[in-house]
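Since the structure comes first, as structure tokens, the remarks are kept for the end.
The values are calculated or read from the model by the stated rules, or taken from the named source; none is laboratory data. For clarity, every value in this text was computed on a predicted model and none was experimentally measured. As a convention, Cβ positions derive from the backbone with ideal geometry for all residues, glycine included, and neighbour counts pool all protein chains shown. Keep in mind that these areas ignore ligands, DNA and RNA; they rest on the heavy atoms of the full protein, side chains included. Shrake-Rupley method; radii C 1.70, N 1.55, O 1.52, S 1.80 Å.
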Amino acid sequence: MKCAIMQPHYFPWPGYFNLMSKVDKFIFLDDAQFSKNSWHNRNLILSEKKKIWITVPLKSSKIKTKIMDKKIDTGKEWQLKHVKTLAQSYSKHLYSKDLFELLDFLQNVNYNNLSDLNTSIIKFIADKLKIKVEFINSSLFSIDDKRTTKLIKILEKIEATEYLSPKGGEEYLKSDNFEKLTTVKLKINNYESKNYNQKNLDKFISNLSIIDVIANCGWTGTAKYVK
């Protein structure tokens, strides 16, 4: 049984969904520590041919607050602002109708918690992309270990036989002797995003949220792209 483990990000990049499409179980590492200025509560889109951030406003908390305990500042009407920004940025794109389905979902969700918000958005997109996978929150296991030891305990808890890690995790997993500490087989997902047609751009702009792919390729095209 193949498994991947990732922290819940806000509108992740395409590689996040590529990883998800290759496993049987996908674990949201929701009890990891929240990182300021990370992908946890923000991501990049294109507006007038330039990269801009869309950021979920959060309430102040202690440094070691877990993602699942991080509270959204719901008094800032951020959802309406994000929907307006995305609608204005992508309204003339070929598949704006598909994107507006996602914006309607975003506008109507009601969460005070960052992790719940992110996982609900990710699950909605995964369903639209026809990615069949079982989702599990790591917090259900109440494992207090850190880094590789925590991952291994989660994998063994669900009886995984193979762990698929994104390329970015390869170095620390090997330095932590992952393969010597468990019988779970380690595989690295060497996903590299390819260029797709971006409206009115002569030079491709990479490292954007899945939002940009959906607006330019639609649900069907995005499903093919991420897989």
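Once fully extended, how much extra length lies between L201 and K174, figured as 0.36 nm per residue of separation less the alpha-carbon to alpha-carbon distance?
5.7 nm
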What relative contact order, as a whole-number percentage, does the range 1-114 give when Cα pairs under 8 Å and 6 or more residues apart are counted?
22 percent
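Output the relative contact order of the range 108-186, whole-number percent, from Cα pairs under 8 angstrom with separation of 6+ residues.
Once divided by the residue count of the range 108-186, the mean separation gives 23 percent.
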Using the heavy atoms of the protein chains alone and a 1.4 angstrom probe, what is the accessible area of the range 111-163 per residue in square angstrom?
51 Å²
Extended-chain gain in nm, criterion 0.36 nm per residue less alpha-carbon gap, K224 and E159
20.4 nm
What nm distance separates the two modelled labels at N113 and D24, each placed 7 Å from Cα along Cα→Cβ?
2.8 nm
Check each of the GluC sites (Glu not before Pro) in the range 136-227 and keep only those in coil by DSSP with at most 11 other C-beta atoms within 10 angstrom; list them in order.
E159, E192
Percent of accessible area on the chain owned by carbon and sulfur, 1.4 Å probe?
46 percent
Can you give the extra length, in nm with one decimal, that the chain gains between K49 and K2 once fully stretched, where that is 0.36 nm per residue apart less the Cα-Cα distance?
13.1 nm
Links that overshoot a 28 Å alpha carbon limit, given the list K157/K187; K97/K167; K49/K174; K128/K194; K59/K157; K51/K128:
K97/K167; K49/K174; K59/K157
Sequence gap at least 6, Cα distance under 8 Å: using those rules, report the relative contact order of the range 80-227 to the nearest whole percent.
30 percent
Computed for the range 1-53: size of charge dipole around the Cα centre, +1 on C-beta of each Lys and Arg, -1 on C-beta of each Asp and Glu, debye to nearest 20, value 260 debye
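Please give the per residue accessible area of the range 3-101, computed with a probe of 1.4 Å over protein heavy atoms only, in Å².
On a per-residue basis, the range 3-101 sits at 52 Å².
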Which FRET efficiency, nearest 0.05, do K185 and S61 yield, Cβ-Cβ r, R0 35 Å?
0.40
